[in-house]
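Everything on this sheet refers to the single structure shown next.
The values are calculated or read from the model by the stated rules, or taken from the named source; none is laboratory data. Bear in mind the structure is a predicted one, so any value in this text is a computation, not a measurement. Neighbour counts run over all protein chains shown; Cβ positions are idealised from the backbone, glycine included. Each accessible area value is taken on the protein alone, full model and side chains, heavy atoms only, with ligands, DNA and RNA left out. Shrake-Rupley method; radii C 1.70, N 1.55, O 1.52, S 1.80 Å.
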Amino acid sequence: AQMNGFKIKTKELEDGILEQLANAEGDVLENIALIENLEDSKRVAAEIAEKAKVAQATEIEINSAREMYRRVAARGSLMFFLLATLSKVHTFYHFSLSSFNTIVERAITGRRGKLVWNEEAVMSNMAPAKLKRALL
């Protein structure tokens, strides 16, 4: 959103300069208002370029931080939908969102030791043997 704002402001500056050049009468070099506008536009464009560099660096940092959580989010959604579909096996396996939160919290805090995020580990740690056989 910020980058779009920078592009819009740059476009407005360009349009303003072009309009003043098109409407300039006489010698362009003697038009003080036009020269001052060009200097202001140059200053604003330099500020925008500097802010755009900072925004781009920040975007790269945010994207790399977001990628670190992608695998965890995928495993969390896998756990959620696994628990949600357990009720199809038997109504006894109907879990609430708070139950899911408890299971995820236990998995993250490492109550059972090292945190392992794969389907087999989830099934072996959370599902009874009869259910595992039914699902497999």
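Taking into account only those residues within segment 1-55 that are within 30 Å of the chain's Cα centre (by Cα) and of a type in the set (Gly, Ala, Ser), which is modelled with the lowest pLDDT?
Checked segment 1-55; the qualifying residue modelled with the lowest pLDDT is 1.
What number goes with the only condition from (1) among the hydrophobic types (A, V, I, L, M, F, W, C); (2) modelled with pLDDT under 80; (3) surrounded by 13 or more Cβ atoms within 10 Å (Cβ to Cβ) that residue 97 does not pass?
So residue 97 meets the others, but not (3).
Looking only at segment 9-35, count every residue that is assigned to a helix (DSSP H, G or I) and open to solvent by less than 100 Å² (accessible area, probe 1.4 Å) and tell me the total. Quick ask: steps written out before the conclusion?
Looking only at segment 9-35, we keep the residues that are assigned to a helix (DSSP H, G or I), and these are 9-23, 28-30, 32-35.
Right, trim to open to solvent by less than 100 Å² (accessible area, probe 1.4 Å) and you get 9-10, 13-17, 20-22, 28, 33-35.
The number of residues fulfilling the criteria is 14.
Just need a number here: residues in segment 83-112 that are touching a Lys or Arg at 6+ places or on another chain (Cβ under 8 Å) and under 19 Å from residue 73 (Cβ atoms). Please lay out each step first, then the result.
Step one: filter segment 83-112 for residues touching a Lys or Arg at 6+ places or on another chain (Cβ under 8 Å), giving 106, 112.
After this cut, where a residue has to be under 19 Å from residue 73 (Cβ atoms) as well, the list is 106.
Residues that pass the stated criteria total 1.
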